[in-house]
Amino acid sequence: MMRNLCFLLILVFGSIVAGCATTPAAPVVGVNSLGVVSAFGDEFQMLTIGTTVFNNSEGSGDISEWGVNELAINSMKTALAGKYELVDVEYPREFFNTESKEKITGAWIDNTPKLISDMVRDKITPVSGEAPDAYLIVIPEYSATAFRGYPTFVDLGLYSMSLLGDRKTYVWVGAQMVLVDADTWEVLRRKSFRSSWATAKMEKRLKNAGAAYWRVDNSLWAKDFDSLVEEQKEAIRATIEDYVKDAAARTLEQIGLTPTVAAEEYSSQFVRL
């Protein structure tokens, strides 16, 4: 009974958080210039939960050539262009990625804004000229799930679960967007990096509302990264690119940096199972 009660509380709390996450914050004021940062990792995680432990597998593979960070930065800059002065910046991407995954769990008991502030303080600098008013940063975030095995999604990866031959497969992008004051390094705003919940196949995406994952065809699954053929890798890469572009637009709106637009304007092209 106690276990069922705890699970119910988790579901209720998750529903509250998800509901709040879909409400855009008030527009940001006092920020006219931005430096844009993205710190996804170069390792793609793969996790499979099978019918028994003997069917489980996990591993990772290098995806540095996929250019996910460049895509994230370009997607955000495209949405911000004409609204803010955009300043090119330098920063230790690998350090931000590692520190985020090791220290910033995203759990409600942690002082996450302070941890982020301490992590980035004095480590982002303009390539030339004066510093912008604020830095817009995308870093990994932990996202707990109720899938089989209760995996936690962080950074980039593929999860698949199979029970007696019935398989479901997902690509995840576990990240958050943070707006940091360039002078005080205080965290001004923070939102989970999530794609739009509205798509042309709403009935099949309803359970994924505000989630860090998209369901994909089972043909993209393999037991580990090295077992993926090029066609599978390209399809996974395309899915991540679609998610990042969609999430960049939606999260900028959610965090209050861009005007609210109809969700279908930037999500209808990204149809997922």
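The values are calculated or read from the model by the stated rules, or taken from the named source; none is laboratory data. Model, not experiment: these values are computed from the prediction. All Cβ positions, glycine included, derive from the backbone under ideal geometry; neighbour counts span all protein chains shown. For the accessible areas, the whole protein counts, side chains as well, though only heavy atoms, and no ligand, DNA or RNA atoms are used. Shrake-Rupley method; radii C 1.70, N 1.55, O 1.52, S 1.80 Å.
Val53 fails exactly one of the following numbered conditions: (1) modelled with pLDDT of 95 or more; (2) more than 21 Å from the chain's Cα centre (by Cα); (3) not aromatic (Phe, Trp, Tyr). What is the number of that condition?
Single failed check for Val53: (1).
Select from the range 62-95 the residues that are part of a loop (DSSP other than H, G, I, E, B), small (Gly, Ala, Ser) and either closer than 17 Å to Asp246 by Cβ or open to solvent by less than 80 Å² (accessible area, probe 1.4 Å) (or both) and list them in ascending order. Even if it seems obvious, please write down each step before you answer.
First pass over the range 62-95, keeping only residues part of a loop (DSSP other than H, G, I, E, B): 63, 67, 82-83, 88, 91-92.
From what's left, small (Gly, Ala, Ser): 67, 82.
Gly67, the sole residue that qualifies.
Cβ-Cβ below 8 Å, separation at least six or inter-chain, first residue in the range 24-35 and assigned to a loop (DSSP other than H, G, I, E, B), second of a type in the set (Ser, Thr, Tyr): which pairs?
Pro24/Thr260; Val31/Tyr84; Asn32/Tyr84
Go through Met161, Met177 for me and flag whichever is open to solvent by 20 Å² or more (accessible area, probe 1.4 Å), touching a Phe, Trp or Tyr at 6+ places or on another chain (Cβ under 7 Å), touching a residue at least 24 places away in the same chain (Cβ under 8 Å) and under 30 Å from Lys233 (Cα atoms). Talk me through it step by step, then tell me what you get.
On the way: Met177 fails: open to solvent by 20 Å² or more (accessible area, probe 1.4 Å).
Only one candidate qualifies: Met161.
Name the single residue that is farthest from Met76 (Cα to Cα) among those in the range 160-178 being within 17 Å of the chain's Cα centre (by Cα) and hydrophobic (A, V, I, L, M, F, W, C).
Just the residues of the range 160-178 that are within 17 Å of the chain's Cα centre (by Cα), to begin with: 170-178.
Filter once more, so that each one left must be hydrophobic (A, V, I, L, M, F, W, C): 171-173, 175, 177-178.
Working: Val171: 21, Trp172: 19, Val173: 16, Ala175: 14, Met177: 11, Val178: 13 Å.
Only one residue tops the list, namely Val171.
Out of the range 124-146, which residues are more than 22 Å from Val171 (Cα to Cα) and surrounded by fewer than 17 Cβ atoms within 10 Å (Cβ to Cβ)?
Thr125, Pro126, Val127, Ser128, Gly129, Glu130, Ala131
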